[in-house]
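Okay, structure first, notes after.
The values are calculated or read from the model by the stated rules, or taken from the named source; none is laboratory data. Treat the numbers as computed from the prediction; the structure is a model and nothing was measured. Ideal geometry is used to build each Cβ from the backbone, glycine not excepted, and the neighbour counts take in all protein chains shown. Just the protein is used for accessible areas: all its heavy atoms, side chains included, with ligands, DNA and RNA removed. Shrake-Rupley method; radii C 1.70, N 1.55, O 1.52, S 1.80 Å.
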Amino acid sequence: MKDKEKLVYTCFCTDVIHDGHMHIIREGAKLGRLVVGVLSNPQMVRYNRFPTKTTDERVAMVREVPEVSEVIVQDEIMYDRIIDRLRPDIVIHGDNWKTGHLASIRLRLLESLNTYGGRLIEIPYTRNETVHKIDRQMREQLMMPENRRGRLRKLLGLVPVVKTMEAHSGLTGLIVEKTMVATDGAIDQFDAMWVSSLCDSTEKGKPDIELVDMTSRFRTIDDIMEVTTKPIIFDGDTGGLIEHFVYTVRSLERMGVSAVIIEDKVGLKKNSLFGTEVEQTQDTVEHFAEKIAAGKRAQLSEDFMIIARIESLILGKGEEDALERARAYVKAGADGIMIHSREKDPAEIFSFIDAFRKEDETTPIVVVPTSFNTVTEEEFARHGVRIVIYANQLLRAAFPAMEEAAKSILTHHRAKEADDKLLSIKKIITLIDEL
Ligand code: SPV
Ligand code: MG
């Protein structure tokens with residue numbers, strides 16, 4: 001007999017209701033009055049993959065299910081507050097969260113339930129062919145260029161800071177796509193990917209001087225896109241000639257890239273982190289503004305973004321020059337401003353950001369904290385930064401690890417000594433999912 005007095009709660013973080021969800025719903029409804037929480041979209045971005053429906057649409061979808069008595073929005077990944085509010089007799093969940101990064105959510109939930117004697121019931125997670133197929137189809141939907149391109153703009157509307165990590169290959173793309181951690185009572189993952197000219201060039205053993213041509217850069221993007229769903233921000237270097245940049249914009253849009261960042265330099269571009277140690281020439285305000293305007297005119301979709309990168313601080317031209325350029329570039333149509341610095345001390349970058357924010361509250365500001373790496377995303381957010389790019393850390397992590405393995409094998413004339421620092425053969429052969 002169904003005990004109508006009992007309040008049963010479950011939370012859904014999904015765009016589609018499949019057999020697995022229906023199983024939980026049916027089992028939950030057998031136990032009492034079933035309330036389903038729908039995890040809000042800003043939290044879905046942290047917990048799962050990017051939602052293809054709005055929170056309201058997902059609420060409406062769950063409301064359609066007759067066994068569900070009530071649908072509410074859960075706007076935190078952790079259950080603490082919702083449990084405090086509802087005090088359900090039972091929480092029902094699949095048994096797929098006992099290990100891995102989701103385990104911390106479960107433990108916190110158990111603590112909350114223990115305070116008043118609530119119960120957690122876990123039922124076997126459904127892993128049948130249909131569920132697997134739906135999951136794969138959802139992922140492939142997210143990969144389609146027309147769905148992927150607008151995702152950066154959508155993210156800007158959902159999260160305070162878009163956490164962006166560099167990817168320079170399919171494999172590093174997968175790391176950015178899949179890495180999740182549980183810290184401080186929250187689940188975290190990266191939101192977007194940066195296809196860096198420094199990393200793309202270095203990976204090919206070439207200097208970062210616009211030597212690797214666009215065809216090759218596009219090939220890297222394609223490798224990443226084939227196996228991931230997160231939005232891509234492309235490092236377009238100087239953008240080249242205006243006459244060429246307009247073609248680049250069209251190609252990137254067609255591929256499903258979300259944004260290109262171009263920097264206001266001309267001639268032989270060198271990496272910004274050299275600063276004034278090498279000869280580098282800044283573009284004129286007028287010419288660079290014209291490049292942005294031409295790119296915006298060439299753009300066919302609404303959602304693609306052209307972000308203007310200001311090199312004034314890198315080149316020792318000062319904040320006033322940077323501000324003047326920011327104004328001109330925004331006026332020319334730039335969808336965002338990236339301000340760069342190679343100082344360890346974030347003072348100059350914050351001084352610019354605060355001054356710019358006083359006159360412009362909305363244009364997204366992008367930073368690349370390679371040198372000023374003590375600043376947290378939260379601190380950037382407080383100053384109004386919207387996109388933080390970790391521009392080269394995966395490549396820099398891989399190089400010393402690879403070099404160490406090479407040296408160890410040369411030193412010992414065998415591979416045994418290197419082995420405990422290496423990914424196991426079992427892991428490497430199962431790392432990549434097959435369709
Ligand atoms: C890159 O990652 O290629 C960049 C950022 O342009 S920086 O290397 O800091 O110039
Ligand atoms: Mg670059």
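Taking segment 248-277 as the range and being within 14 Å of ligand 2 (Cβ to nearest atom), open to solvent by 20 Å² or more (accessible area, probe 1.4 Å) and assigned to a loop (DSSP other than H, G, I, E, B) as the test, the residues that pass are Leu268, Lys270, Asn271. Of everything in segment 366-397 that is small (Gly, Ala, Ser) and under 26 Å from Gly205 (Cα atoms), the residue that is surrounded by the most Cβ atoms within 10 Å (Cβ to Cβ) is Ala391. So for segment 379-402 (the condition being polar (S, T, N, Q), under 18 Å from the mean Cα position of the chain (by Cα) and assigned to a helix (DSSP H, G or I)), does at least one residue qualify? Yes, that holds for at least one residue. Here segment 293-313 is the region considered, the condition is being part of a helix (DSSP H, G or I) and in contact with a strand residue (DSSP E or B) (Cβ under 7 Å, 6 or more places away or on another chain), and the residue that is surrounded by the most Cβ atoms within 10 Å (Cβ to Cβ) is Gly295.
Return the residue satisfying two criteria in turn: it lies in segment 177-212 and is within 16 Å of ligand 1 (Cβ to nearest atom) and under 16 Å from the mean Cα position of the chain (by Cα), and of such residues it is most open to solvent (accessible area, probe 1.4 Å). Filtering first and then ranking leaves Phe190. Pairs linking a residue in segment 41-57 that is of a type outside the set (D, E, K, R) to a residue that is open to solvent by 40 Å² or more (accessible area, probe 1.4 Å), with Cβ atoms under 7 Å and 6 or more positions apart or on different chains, are Asn41/Thr54; Asn41/Leu158; Pro42/Leu158; Gln43/Asp75; Gln43/Glu76; Val45/Leu158; Thr52/Gln141; Thr55/Val73. When Thr228, Thr220, Thr215, Thr284 are checked against the criterion of being away from ligand 1 (no atom under 16 Å from the Cβ) and either open to solvent by less than 10 Å² (accessible area, probe 1.4 Å) or within 30 Å of Met44 (Cα to Cα) (or both), Thr228 stands alone in meeting it.
Please indicate, with yes or no, whether at least one residue in segment 161-176 is under 10 Å from the mean Cα position of the chain (by Cα), hydrophobic (A, V, I, L, M, F, W, C) and assigned to a loop (DSSP other than H, G, I, E, B). Yes. For segment 193-221: of the residues being of a type in the set (D, E, K, R), free of Cβ contacts under 8 Å to residues at least 12 places away in the same chain and more than 23 Å from Lys178 (Cβ to Cβ), which is farthest from ligand 2 (Cβ to nearest atom)? Looking at residues that are of a type in the set (D, E, K, R), free of Cβ contacts under 8 Å to residues at least 12 places away in the same chain and more than 23 Å from Lys178 (Cβ to Cβ), I get Asp213. Taking strands (runs of 3 or more DSSP E) as the structural unit, those lying wholly within segment 1-113 and holding at least 3 residues that are open to solvent by less than 10 Å² (accessible area, probe 1.4 Å) correspond to 7-12, 33-39, 90-94. Answer yes if at least one residue in segment 314-329 is aromatic (Phe, Trp, Tyr), in contact with a strand residue (DSSP E or B) (Cβ under 6 Å, 6 or more places away or on another chain), away from ligand 1 (no atom under 14 Å from the Cβ) and modelled with pLDDT of 95 or more, and no otherwise. Looking for residues that are aromatic (Phe, Trp, Tyr), in contact with a strand residue (DSSP E or B) (Cβ under 6 Å, 6 or more places away or on another chain), away from ligand 1 (no atom under 14 Å from the Cβ) and modelled with pLDDT of 95 or more, one finds at least one in segment 314-329, hence yes.
In segment 278-291, the qualifying residues are those that are β-branched (Val, Ile, Thr) and more than 15 Å from ligand 2 (Cβ to nearest atom), and the one that is nearest to Asp213 (Cα to Cα) is Thr281. The lone criterion from (1) among the small types (Gly, Ala, Ser); (2) within 14 Å of ligand 2 (Cβ to nearest atom); (3) touching a strand residue (DSSP E or B) at 6+ places or on another chain (Cβ under 8 Å) left unmet by Gly240 is number (3).
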